[in-house]
Structure formats: C-alpha cells, structure tokens
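The values are calculated or read from the model by the stated rules, or taken from the named source; none is laboratory data. Everything numeric here is computed off the predicted structure, so don't read it as measured data. Each accessible area value is taken on the protein alone, full model and side chains, heavy atoms only, with ligands, DNA and RNA left out. Shrake-Rupley method; radii C 1.70, N 1.55, O 1.52, S 1.80 Å.
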Amino acid sequence: MNSLKKGHISIALVCVVLGFLISFQYRISTEQQQALPRQRVEELASRLLDVERERDDLRAEVAQLTDEMTSKASAVDSKALTDMRFRAGMVPLTGPGVIVTIDDSKAKVKSDENQNLYLIHDDDLLRVINELRAAGAEAVSVNGQRLVGTSEIRCAGPTLSVNNVRSAPPYEIHAIGDIQTLESAIKMRGGVAETLGVWGITLNVTSSENVEVPAYQGNTSYKYARAAEGASS
C-alpha cells in the first residue's frame, strides 16, 4: 500500500509541474502576438519549443505512472482475492501433512454390551479433527469433503454426514500442516487414538509430503447474513 501512496504523490507532483509549464506556454504565446523585436520573438519561440518538449515528456510520464498505478492496484486486488479464496476453502491445496484413517471396531461385541460403543460417531470424528486443528492444521477434509466454517459433521443413521454428503466408514481425514506436530497431537498418551483404541476402533496415521485437500464444493451463498453497518469491505 505504501508503494501505491507514493505513486499517487508522484502523479500529483508531475501534474503540478505540467500545469505550470502549460501556463508558461500560454504566456509566451501571448507575448509573441505582441509587437516585439525579431530577436526577442526568436528567443521566445526557442523557449516555447523547449517548453513544449518538456510538456510532452511530462505527459508521457503521467501516462506511465498512471499505468503503473493501475497495474499495482490490480495486483493488490488479485492477491487479496487469492487470499480470500484460500481462507474460504475454495482452492484445492497440497502440502505436507498426515492422513488419518478411522474404522469401526472389528471386535466381537458381548451380549451385555452396547454395540454403539464399538462404532464411530460424529463426536469421535470431531475429536480427531479438533486435535488436528489445535495442532495447526491449515486445511482438513473428510472422505473428500473440505471442512470450512459452515461445515457440519453429524450422524446419519449408520453413516456420517459431512457437508450434507453421507459416507460410511472407514473415514479418511486429510490434514495439511507440520507432520511431526500433527502426528504427536493424535498419538499423545491419553489422547484420542488411545481413547478410541479402548473400544477396538482402529486409528492409523500416515505421514506424507504431498497430502491433497480438495476445494469446498458446497453452498457459498448467504440468505440471512449480511455485512454489519460500518463494516469494512
């Protein structure tokens, strides 16, 4: 933004000088029309040509500065738009991270036990995702569904719904971030992996330098929310 401000100042200064030169050119032209000695007329004509050349140079400089300002403004707008699309999850991403695979327990359930304890529920998935986010995950997806601010994870019968898209286990979570930090968050003693393991629910963590997280494909429009009065655009 400082470079844009400097560009505006440069254009303003050039325009001031250009205005002075045009005024000077007009005064010389007026003097030429009056009765003056030939030598004086020739001198003024020479000065007039110099002023006109300088005027043309300044006009060219103004045009160049204007083009540069327009180009820089476009670059700033483009970067801001790219950043917004990144934050909104509208861009597919790739980078180092982990792939966490969770599956229902294969253990034999006793007759006096609740079978649901051996199945993955929405709160189990949310615990894993929250650990990853707390560990600095920059992008997360579940079974190909990108998680954004409006995403929901809820039970839907024997399946789980993410972004209103149902999928059955196993659930594959892709998370981009620092590999060691993400792994430690999931595998720490007394953490989510150990807790789910009590019920035989399997949780495997695979690290990769090229974890892929797709772009969000759900609804992006707002029906009721709008910018608050006085909010910056």
_Apply the a/c threshold of 1.5 to the C-alpha gyration tensor of the stretch 185-230 and tell me whether it is rounded, prolate or oblate._
prolate
*Excluding residues on the same chain fewer than 8 positions from Lys187, give the aspartates and glutamates whose Cα lies under 13 Å from its Cα.*
Glu131
*How big is the convex hull of the Cα atoms of the stretch 133-233, per residue, in Å³?*
157
*asked:* With a cut-off of 8 Å between alpha carbons and a minimum separation of six or more residues, what is the relative contact order of the stretch 117-233 in percent?
replied: 30
*With contacts defined as alpha carbon pairs under 8 Å and 6 or more residues apart, what's the relative contact order of the stretch 91-161 in percent?*
24
_Tell me the per residue accessible area of the stretch 142-233 using a 1.4 Å probe; a whole number in Å² is fine._
63
